[in-house]
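Visitor: Here it is, the structure in full.
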Amino acid sequence: MAELTVQDLTEAGTTLSMASCAGGGDEFDNSGNEFLLFVNDHGSNSYNITITVQDSSVEDPQYGTLTKSFAAKACAAGSRTVVGPFPVKAYNDADGHCNITYSATPTSMKVAAIKIV
C-alpha cells in the first residue's frame with residue numbers, strides 16, 4: 001500500500017497535489033476530518049473505490065448489534081469523485097491509517113487526501 005500525504009485545506013484555500021492511485025491500494029493518516037478526491041482520466045474504465053471498515057460492529061443497549069458497511073463508491077471514466085470524512089473508530093487501523101482498495105489497477109486515476117483545518 002502506498003501512503004498518501006494529507007494536504008490541509010484552510011480558509012485561504014490550497015493547491016492540491018494529486019498522486020497516482022496504487023494498484024495495491026493506498027492509505028492515509030486519518031483524524032476524522034479528511035476526505036478523498038479522485039480524478040479518473042481514463043477514457044473508458046470505471047473503478048470501484050472501497051474504504052475498509054476496521055471496527056464493523058457495535059453493541060447498543062437499545063438497538064442491539066449495529067453493523068457498519070465499508071464506504072464504497074464508483075468513479076466513472078472521465079469523472080471526479082469525493083468520499084469521506086471517515087470516523088476514526090470505524091475506519092482507522094492499528095497504525096491510525098484509513099485503507100483504500102480499488103476494483104482493478106486504477107490506470108489514469110489520481111487521488112488527493114484532504115484535511116479540513
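The values are calculated or read from the model by the stated rules, or taken from the named source; none is laboratory data. Just so you know, these numbers come straight off a predicted model, no measurement behind them. Cβ atoms come from the backbone with ideal geometry, glycine included; neighbour counts cover every protein chain shown. Each accessible area value is taken on the protein alone, full model and side chains, heavy atoms only, with ligands, DNA and RNA left out. Shrake-Rupley method; radii C 1.70, N 1.55, O 1.52, S 1.80 Å.
Visitor: Pairs, please: C-beta under 7 Å, at least 6 apart or cross-chain, first residue in contact (Cβ under 8 Å) with a residue 40 or more places away in the chain and in region 6-24, second surrounded by 13 or more Cβ atoms within 10 Å (Cβ to Cβ) and acidic (Asp, Glu)?
Guide: Matching pairs, first to second residue: 6/29; 6/34.
Visitor: Among the numbered criteria (1) open to solvent by 50 Å² or more (accessible area, probe 1.4 Å); (2) of a type in the set (Ser, Thr, Tyr); (3) more than 15 Å from residue 82 (Cα to Cα), which one does residue 46 miss?
Guide: (3)
Visitor: Taking the condition of being modelled with pLDDT of 95 or more, among the small types (Gly, Ala, Ser) and not in a strand (DSSP E or B), how many residues in region 45-82 meet it?
Guide: The total comes to 5.
Visitor: Still on this model: Modelled with pLDDT of 95 or more, part of a strand (DSSP E or B) and of a type outside the set (S, T, N, Q), is that true of residue 90?
Guide: Working: modelled with pLDDT of 95 or more: yes; part of a strand (DSSP E or B): no; of a type outside the set (S, T, N, Q): yes.
No; evaluated as a whole, the condition is false for this residue.
Visitor: Of the residues 112, 71, only one is closer than 17 Å to residue 17 by Cα, open to solvent by less than 50 Å² (accessible area, probe 1.4 Å) and out of contact with any Gly (no Cβ under 6 Å at 6 or more places or on another chain); which? Working first, answer last.
Guide: Working: 71 fails: closer than 17 Å to residue 17 by Cα.
After ruling out the rest, the residue left standing is 112.
Visitor: What tally of residues in region 1-41 results from selecting those that are outside any loop (DSSP other than H, G, I, E, B), under 9 Å from residue 113 (Cβ atoms) and open to solvent by 50 Å² or more (accessible area, probe 1.4 Å)?
Guide: 1
Visitor: Sticking with this structure for a sec: Considering only region 101-117, state which residues are assigned to a strand (DSSP E or B) and within 17 Å of residue 7 (Cα to Cα). First the steps, then the outcome.
Guide: Quick first cut of region 101-117, residues assigned to a strand (DSSP E or B) only: 101-102, 109-116.
Correct list: 110, 111, 112, 113, 114, 115, 116.
Visitor: Give the residue, chosen from 77, 90, that is farther than 20 Å from residue 2 by Cα, open to solvent by less than 50 Å² (accessible area, probe 1.4 Å), in contact with a Gly (Cβ under 7 Å, 6 or more places away or on another chain) and not charged (D, E, K, R).
Guide: On the way: 90 fails: in contact with a Gly (Cβ under 7 Å, 6 or more places away or on another chain).
Exactly one of 77, 90 is farther than 20 Å from residue 2 by Cα, open to solvent by less than 50 Å² (accessible area, probe 1.4 Å), in contact with a Gly (Cβ under 7 Å, 6 or more places away or on another chain) and not charged (D, E, K, R), namely 77.
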